[in-house]
Amino acid sequence: MTDETRRKLLKTGAAATVIAATPRVFAQQGGATGSVYQRGPVRIHYEEAGSGFPLLLIAGGGLNSTIAGLSNPFNPIPEFKSEYRCLASDLRNANGGQSSGPLEIDRPWDAYTDDHLGLMDHLGIDKFMVMGFCIGGPFIWNLLERAPNRVVAAVLAQPSGFRPEMPTLFYDNNMTGWGPELVKRRPEITMAMVEKFLARMYRTNPDFVFTVTRDFVRTCQTPVLILPDDVAAHPYAVAMEAAMLAPKAEVSMYPWKEPRERIPLAVRQIRSFLRAHRPAST
């Protein structure tokens, strides 16, 4: 099913498929309100705060990515809600989160991208910006490939990537830090299913940024700002290679998180980048 067809179906069946939860106030996220949207067996908890051009935020934390994770290394909601409509969600099946759905073993990355685009569809948003941390990097590249006409600009902070010297890093971490707890909560899911899901996600042709090829990045016309890191899960080499390949890429100073006094400078650069690419009508 194409994304355009899926969007039309979602709009047509919105009254039957969307369930809104009672809004709540989340003081720790700068006054964001929380809701739920449902699409078949998928239930996504999200929050929004502020007003202006839509800015999708994807927290770090790997497959345990939740809205609460947006507090590290800085919280973008209070930073940007005065200028943007900030939107964030718990990742499907993240431990500690409130989103759930099936394990789509044959298409793990695309299943998560369905959720991100589904949230935008649910909210009636066509074009948006996106900023992601850690696993948000691969998610953003997949969004740029799947929906190039919808994503206006993207910020990839400390993006995840493949390290040849540690080829099973993400598979191993999730087999111990994500899968067992998920199986405890969801008896219909087995560790055998988790193993197949993770193998497809991280061990089937692992390379580069996991979700797209270098050829795609070379042709990507969406402006991107990359803030490199250099820890095991966030290889500096991959972040810089992507920055060199993407024709409309910018890169931050490095390191930008240490000492912590540098973080406000990085936030200032993100703000300038977003303003430069925000549609003039907003």
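The values are calculated or read from the model by the stated rules, or taken from the named source; none is laboratory data. Since this is a predicted model, take the numbers as computed values, not measurements. Glycine gets a Cβ as well: all are built from the backbone with ideal geometry, and neighbour counts include every protein chain shown. The accessibility values were calculated without ligands, DNA or RNA, using every heavy atom of the protein model including side chains. Shrake-Rupley method; radii C 1.70, N 1.55, O 1.52, S 1.80 Å.
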Based on the Kirkwood radius over alpha-carbon pairs, what value in µm²/s does the Stokes-Einstein equation return for the translational diffusion coefficient of the chain at 25 °C and 0.890 mPa s?
-> 129 µm²/s
Per the 1/(1 + (r/R0)^6) rule, R0 = 51 Å and r from the Cβ atoms of Glu258 and Val183, FRET efficiency to 0.05 is 0.90
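Counting Lys and Arg as +1 and Asp and Glu as -1, what is the net charge of the other residues whose Cβ lies under 9 Å from the Cβ of Ile105? Write out the running numbers ahead of the final one.
On the way: positive: Arg107, Lys196, Arg200; negative: Glu104, Asp106.
Net charge in that neighbourhood comes out at +1.
So if we plug the beta-carbon distance of Ser51 and Leu265 into 1/(1 + (r/R0)^6) with R0 = 41 Å, what FRET efficiency do we get, rounded to 0.05?
Working: r = 26 Å, r/R0 = 0.64.
That pair, Ser51 with Leu265, gives E of 0.95.
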Residues of the chain: accessible area per residue with a 1.4 Å probe, Å² | 43 Å²
Using a 10 angstrom cutoff on alpha carbons, build the Gaussian network for the chain and name the most mobile of Pro167, Pro159, Pro76.
-> Pro167
Against the 2.2 N^0.38 Å rule of thumb, the C-alpha Rg of the range 231-275 sits at a ratio of 1.25
Normalise the Cα radius of gyration of the range 115-268 by 2.2 N^0.38 Å (N = residues in it) and let me know the number.
-> 1.11
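What's the lysine pair count for the chain at a Cα cut-off below 20 Å, pairs eight or more apart or interchain? Please report the intermediate quantities before stating the final value.
Details: Lys8/Lys127; Lys11/Lys127; Lys81/Lys127; Lys127/Lys248; Lys184/Lys196.
For the chain, the number of qualifying lysine pairs is 5.
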Relative to the compact globular guide of 2.2 N^0.38 Å, what is the alpha carbon radius of gyration of the range 117-173, as a ratio?
-> 1.33
Measure off 7 Å from each Cα along the Cα-to-Cβ vector at Glu250 and Ala199, then give the distance between these two points in nanometres to one decimal.
-> 4.4 nm
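I need the peptides 103-110, 224-231, 147-154 ranked by packing, meaning the mean over residues of other C-beta atoms within 10 angstrom, with the highest value on top. Before the final figure, lay out each step's value.
Details: 103-110: 16.4, 224-231: 21.4, 147-154: 19.2.
Averaged packing, sorted descending, gives the order 224-231, 147-154, 103-110.
To the nearest 20 Debye, how big is the dipole of the chain about its Cα centre, given +1 on the beta carbon of each Lys and Arg and -1 on that of each Asp and Glu? The partial results should precede the final answer.
Values: 31 positive and 28 negative charges, 123 e Å.
In total the dipole reaches around 600 debye.
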Cα point-scatterer Debye curve for the range 194-282, base-10 log of I(q)/I(0) at q = 0.12, 0.17, 0.25 Å⁻¹ = -0.49, -0.86, -1.22
Based on DSSP H runs of at least 4 residues, each adding -39500 (n - 2.57), what is the mean residue ellipticity at 222 nm of the chain after dividing by all its residues, to the nearest 500 deg cm²/dmol?
-> -10500 deg cm²/dmol
